[in-house]
1. Identify, from the list Glu116, Glu24, Glu101, Glu108, the residue that is within 30 Å of Asp165 (Cβ to Cβ) and in a helix (DSSP H, G or I).
2. Residues of region 201-225 being buried (at least 18 other Cβ atoms within 10 Å of the Cβ) and within 44 Å of the chain's Cα centre (by Cα), which ones?
3. Here are some residues: Val77, Val49. Which one is in the same structural domain as Thr139 (by TED's automatic domain parsing), within 32 Å of the chain's Cα centre (by Cα) and aliphatic (A, V, I, L, M)?
4. For region 207-229, what are the residues that are near the ligand (Cβ under 8 Å from one of its atoms) and among the hydrophobic types (A, V, I, L, M, F, W, C)?
5. Mind telling me which of the residues Thr139, Thr100, Thr175, Thr120 ends up being exposed (fewer than 14 other Cβ atoms within 10 Å of the Cβ) and among the hydroxyl-bearing types (Ser, Thr, Tyr)?
6. Does region 81-97 hold any residues that are surrounded by 13 or more Cβ atoms within 10 Å (Cβ to Cβ) and assigned to a helix (DSSP H, G or I), and which are they?
7. Among the numbered criteria (1) away from the ligand (no atom under 16 Å from the Cβ); (2) in contact (Cβ under 8 Å) with a residue 60 or more places away in the chain; (3) assigned to a helix (DSSP H, G or I); (4) more than 30 Å from Lys38 (Cα to Cα), which single criterion is violated by Thr139?
8. Considering region 105-114 alone, what residues qualify as being surrounded by 14 or more Cβ atoms within 10 Å (Cβ to Cβ) and hydrophobic (A, V, I, L, M, F, W, C)?
Amino acid sequence: MLPVIENLLVLQDRDRRLRRIQAELDAVPAQRLHLQTKAAKAAAEFDTVKKRVQQIESDRKKLELEVDTLKDRIGKVRSQQNDTRSNDQYKAYQHQIQTTEGEISQLEDQQLSLMELAETGAKEVAAASRINAEVKAETDRHLADLATREARLNEEIDEAADARDEAASRVDDATLSRYERLVKTKGDNVIVGVGGGVCGGCHVKLTTQATVSARGQAEIVPCPNCGRILYFTSDMG
Ligand SMILES: [Zn+2]
């Protein structure tokens, strides 16, 4: 194999590694955001359930106060009733008392259903709290793992970039820019083997002349169809 092809294959390999590490690093912010969003969602759900139950409790207390007010009113009406000498007035007070007692009974019924709601709500709060704690612990663990991985990738990328530069320095400038132009247009598979008489990049059957030249290994031979640089090894038919 031509030494320049050997060097190009090493360069292509190191370029691929560098790009893979870069792609992994590029994905880190989105992964972090995904984890943070998940944790924030669980916290928000917990908060919503908690607030709903707090609202039920405050509604129930309001009813309690209303009941107290109505009971006070009955007390006052009773004392007025005791003071009156008019039979009609007495009956009117009695009617007022009964109406108010009916209102109290309704309010107490409402209070009771709110207490039942609060009881169910308290269970929901406990469940949401547990889920929130679990999600947070899991997220924190994953975020820590992610930070460790990011730090490792940052170290790897420096090392991979150095290795890539070292491989590039072993290729002459003209061939290097030819290779880099190919990478820009064709991606990371531009130094390709000839297998079964077809180009390992575009898979189009090569001309006899291109196959013979690639076999000859005396110069850099491009695929006539796609322009990728061909190489040939003895195990390629
Ligand atoms: Zn080709």
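1. Numbers: Glu116 fails: within 30 Å of Asp165 (Cβ to Cβ); Glu101 fails: within 30 Å of Asp165 (Cβ to Cβ); Glu108 fails: within 30 Å of Asp165 (Cβ to Cβ).
Matching residue, one of Glu116, Glu24, Glu101, Glu108: Glu24.
2. Gly201, Cys223, listed by residue number.
3. After applying the criteria, what remains is Val49.
4. Within region 207-229, Cys223, Cys226 meet the criteria.
5. Working: Thr139 fails: exposed (fewer than 14 other Cβ atoms within 10 Å of the Cβ); Thr100 fails: exposed (fewer than 14 other Cβ atoms within 10 Å of the Cβ); Thr175 fails: exposed (fewer than 14 other Cβ atoms within 10 Å of the Cβ).
Checking each option against the conditions leaves just Thr120.
6. The first filter runs over region 81-97 and keeps only residues surrounded by 13 or more Cβ atoms within 10 Å (Cβ to Cβ), leaving 81, 84, 89-90, 92-94, 96-97.
Result: Gln81, Gln89, Tyr90, Ala92, Tyr93, Gln94, Gln96, Ile97.
7. (4)
8. First, the residues of region 105-114 that are surrounded by 14 or more Cβ atoms within 10 Å (Cβ to Cβ): 107, 110-111, 114.
Leu107, Leu114, listed by residue number.
The values are calculated or read from the model by the stated rules, or taken from the named source; none is laboratory data. All of these numbers come straight from a predicted model, not from anything done at the bench. Every residue, glycine among them, receives a Cβ derived from its backbone with ideal geometry; neighbour counts consider all protein chains shown.
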